[in-house]
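> Sharing a structure with you now.
The values are calculated or read from the model by the stated rules, or taken from the named source; none is laboratory data. Since we're looking at a predicted model, the values are computed, not measured. No Cβ is skipped: glycine too gets one built from the backbone with ideal geometry, and neighbour counts run over all protein chains shown.
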Amino acid sequence: SADSLFGLGIPVPDIVMPIGISFYTFQALSYVIDVYRREVPPQHDLFSLALYVSMFPQLIAGPIVRYHDVNVQLAVRKHSFAQFSEGISRFLFGLSKKVLLSNVFAQIADGVFKYAPNELSAAGAWMGAIGYTLQIYFDFSGYSDMAIGLGKMFGFEFLENFNYPYISKSVTEFWRRWHISLSTWFRDYVYIPLGGNRCSPARHIFNLLAVWTLTGFWHGANWTFMAWGLYFGVLLILEKKFLAGWITRLPSVLQHLYALFFIVIGWVFFRSDSMGLAVQYLGSMFTSTVPLNRFVIEYLLRFWPYLLFGVVLSAPVFPRLKSTRIWRVLEFPVLAVLFTLCLMRLLASSYNPFIYFRF
């Protein structure tokens with residue numbers, strides 16, 4: 001069969017690509033660029049290079065590990081019972097994020113997005129967008145936690161990929177906290193070589209748009225991803241050039257609401273199958289005259305505990321709990337309960353792959 005390239009009517013054959021190809025492509029590029037810049041020496045051991053390119057813990061959905069971050073660890077790693085235990089703990093929390101939270105939020109998002117946008121009330125459309133906002137965070141950060149945990153078990157220390165992005169007070173701050181390995185990759189290998197912000201204002205705007213166009217394209221050959229990248233690119237330009245001072249003068253709560261408002265809208269582009277559906281869905285969020293959908297009440301009654309947990313755990317609650325003495329007593333029983341719940345949910349549910357497996 002054949003699909004249409006970017007919806008332009010140009011037939012192209014279906015091409016089946018390995019899962020996670022965008023991640024290990026960037027890892028391989030990192031090695032080539034770092035060696036070319038003489039930031040690290042060339043790797044003469046073929047097996048060590050193959051280990052880096054095919055490092056399985058984070059291979060298919062990140063975080064993107066750059067060569068200069070692990071080149072020493074490829075040859076020399078430290079192993080300890082404490083590190084292995086920490087890895088198990090991190091892995092189980094990541095697994096719990098995916099199985100116990102993200103998969104539940106997927107039921108909300110998928111249940112809403114299966115409707116035509118003109119069938120949705122404003123409340124229904126917002127519920128679907130918020131459901132997907134929570135789904136993609138716990139899905140992707142959950143995988144990153146699992147990858148970092150697996151790395152620790154094998155003696156590798158991977159950099160963090162998420163830093164509670166939904167507590168951000170601006171879109172700029174959000175992208176310092178979300179998918180850190182991708183944003184820093186583009187910063188160091190694309191944005192700075194283009195001139196970064198040390199250039200004329202027009203060139204600075206061009207650099208930002210170029211980076212965010214590539215960021216959208218990296219996620220897939222679909223206009224929705226391109227629009228998503230440009231959307232955030234334009235928002236970042238507006239904040240850097242015009243809005244930064246105004247935003248900081250707002251009360252803290254309004255800063256959070258401002259950031260979350262535009263973040264949720266951005267995820268609509270990311271989730272939609274086409275630009276037409278994305279525009280129609282956004283129209284339902286703001287201008288729908290459809291009466292309140294019955295499923296909105298049903299979902300709230302059914303999923304409100306998960307929504308509450310999702311909102312709370314999107315903030316840095318766990319690090320604060322982990323720093324207390326009581327956590328030493330609670331850690332093992334909490335992990336045991338979470339692991340049991342995950343097993344029960346996995347045995348009773350169908351296959352739910354990670355969202356970023358397709359990129």
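> Is segment 140-161 home to any residue that is touching a residue at least 60 places away in the same chain (Cβ under 8 Å), surrounded by fewer than 20 Cβ atoms within 10 Å (Cβ to Cβ) and not in a loop (DSSP other than H, G, I, E, B)?
So far as segment 140-161 goes, yes, one or more of its residues are touching a residue at least 60 places away in the same chain (Cβ under 8 Å), surrounded by fewer than 20 Cβ atoms within 10 Å (Cβ to Cβ) and not in a loop (DSSP other than H, G, I, E, B).
> On to the next question. Can you pull out every residue in segment 302-329 that is modelled with pLDDT of 90 or more, exposed (fewer than 14 other Cβ atoms within 10 Å of the Cβ) and aliphatic (A, V, I, L, M)?
Across segment 302-329, the qualifying residues are 308, 311, 312, 315.
> Oh, and also: Are there any pairs with C-beta distances below 9 angstrom linking a residue in segment 78-101 that is without any contact (Cβ under 8 Å) to a residue 12 or more places away in the chain to a residue that is in a loop (DSSP other than H, G, I, E, B), with the two at least 6 apart or on different chains, and if so which?
80/155
> Would you check if residue 132 is part of a helix (DSSP H, G or I), aromatic (Phe, Trp, Tyr) and farther than 24 Å from residue 332 by Cβ?
Yes, satisfied.
> Further question on the same structure: Which numbered condition trips up residue 332, out of (1) part of a helix (DSSP H, G or I); (2) surrounded by 12 or more Cβ atoms within 10 Å (Cβ to Cβ)?
That leaves (2) as the condition not met.
> Give 30, 85, 48, 121 a once-over and let me know the one that is among the hydroxyl-bearing types (Ser, Thr, Tyr), farther than 16 Å from residue 185 by Cβ, more than 19 Å from the chain's Cα centre (by Cα) and outside the structural domain of residue 218 (by TED's automatic domain parsing).
Exactly one residue qualifies, and that residue is 48.
> Say whether the condition of being within 24 Å of residue 133 (Cα to Cα) and more than 16 Å from the chain's Cα centre (by Cα) is met by at least one residue in segment 186-193.
no
> Does segment 91-103 include one or more residues that are of a type in the set (A, V, I, L, M), surrounded by 17 or more Cβ atoms within 10 Å (Cβ to Cβ) and not in a helix (DSSP H, G or I)? Outline the logic, then answer.
Taking segment 91-103 and keeping what is of a type in the set (A, V, I, L, M), we get 92, 95, 99-101.
Keeping just the survivors that are surrounded by 17 or more Cβ atoms within 10 Å (Cβ to Cβ) gives 92, 95, 99-101.
Filter once more, keeping what is not in a helix (DSSP H, G or I): none.
Within segment 91-103 (the criterion being of a type in the set (A, V, I, L, M), surrounded by 17 or more Cβ atoms within 10 Å (Cβ to Cβ) and not in a helix (DSSP H, G or I)), the answer is no, since none of the residues qualifies.
> Related question: Could you please let me know if residue 263 is in contact with a Phe, Trp or Tyr (Cβ under 9 Å, 6 or more places away or on another chain), assigned by TED's automatic domain parsing to the domain that holds residue 116 and under 26 Å from residue 120 (Cα atoms)?
For residue 263, the condition - in contact with a Phe, Trp or Tyr (Cβ under 9 Å, 6 or more places away or on another chain), assigned by TED's automatic domain parsing to the domain that holds residue 116 and under 26 Å from residue 120 (Cα atoms) - is met.
> Test each condition in (1) surrounded by 13 or more Cβ atoms within 10 Å (Cβ to Cβ); (2) without any contact (Cβ under 8 Å) to a residue 40 or more places away in the chain for residue 269 and report the one that comes out false.
Answer for residue 269: the failing condition is (2).
> Working only within segment 276-294, note down all residues that are surrounded by 13 or more Cβ atoms within 10 Å (Cβ to Cβ), under 29 Å from the mean Cα position of the chain (by Cα) and not small (Gly, Ala, Ser).
277, 279, 280, 281, 282, 285
> Over 15 Å from the mean Cα position of the chain (by Cα) and not in a helix (DSSP H, G or I): which single residue out of 210, 227, 202, 221 fits that description?
Exactly one residue qualifies, and that residue is 221.
> Would you say residue 302 is under 18 Å from residue 111 (Cα atoms) and among the basic types (Lys, Arg)?
It is true that residue 302 is under 18 Å from residue 111 (Cα atoms) and among the basic types (Lys, Arg).
> Of 257, 209, which residue is without any contact (Cβ under 8 Å) to a residue 12 or more places away in the chain, aliphatic (A, V, I, L, M) and either surrounded by fewer than 17 Cβ atoms within 10 Å (Cβ to Cβ) or in contact with an Asp or Glu (Cβ under 9 Å, 6 or more places away or on another chain) (or both)?
Among 257, 209, only 257 is without any contact (Cβ under 8 Å) to a residue 12 or more places away in the chain, aliphatic (A, V, I, L, M) and either surrounded by fewer than 17 Cβ atoms within 10 Å (Cβ to Cβ) or in contact with an Asp or Glu (Cβ under 9 Å, 6 or more places away or on another chain) (or both).
> Exactly one condition in (1) buried (at least 19 other Cβ atoms within 10 Å of the Cβ); (2) touching a helix residue (DSSP H, G or I) at 6+ places or on another chain (Cβ under 6 Å); (3) within 24 Å of residue 310 (Cα to Cα) is not met by residue 166; state its number.
(2)
> Only one of 79, 44 is under 28 Å from residue 336 (Cα atoms) and part of a loop (DSSP other than H, G, I, E, B). Can you tell me which? Steps first, answer last, please.
Values: 44 fails: under 28 Å from residue 336 (Cα atoms).
Matching residue, one of 79, 44: 79.
> Right, something else. Being surrounded by fewer than 18 Cβ atoms within 10 Å (Cβ to Cβ) and either under 28 Å from residue 28 (Cβ atoms) or touching a residue at least 24 places away in the same chain (Cβ under 8 Å) (or both) is the requirement here; does residue 190 meet it?
When the stated conditions are applied, residue 190 passes them.
> Restricting to segment 268-302, give me the number of residues that are among the small types (Gly, Ala, Ser) and not in a helix (DSSP H, G or I).
The qualifying residues number 3.
> Right, something else. Report yes if residue 327 is touching a Leu at 6+ places or on another chain (Cβ under 7 Å) and without any contact (Cβ under 8 Å) to a residue 12 or more places away in the chain, otherwise no.
So residue 327 passes the test.
> Does any residue of segment 71-79 turn out to be modelled with pLDDT of 90 or more and surrounded by fewer than 17 Cβ atoms within 10 Å (Cβ to Cβ)?
Among the residues of segment 71-79, not one is modelled with pLDDT of 90 or more and surrounded by fewer than 17 Cβ atoms within 10 Å (Cβ to Cβ), which makes the answer no.
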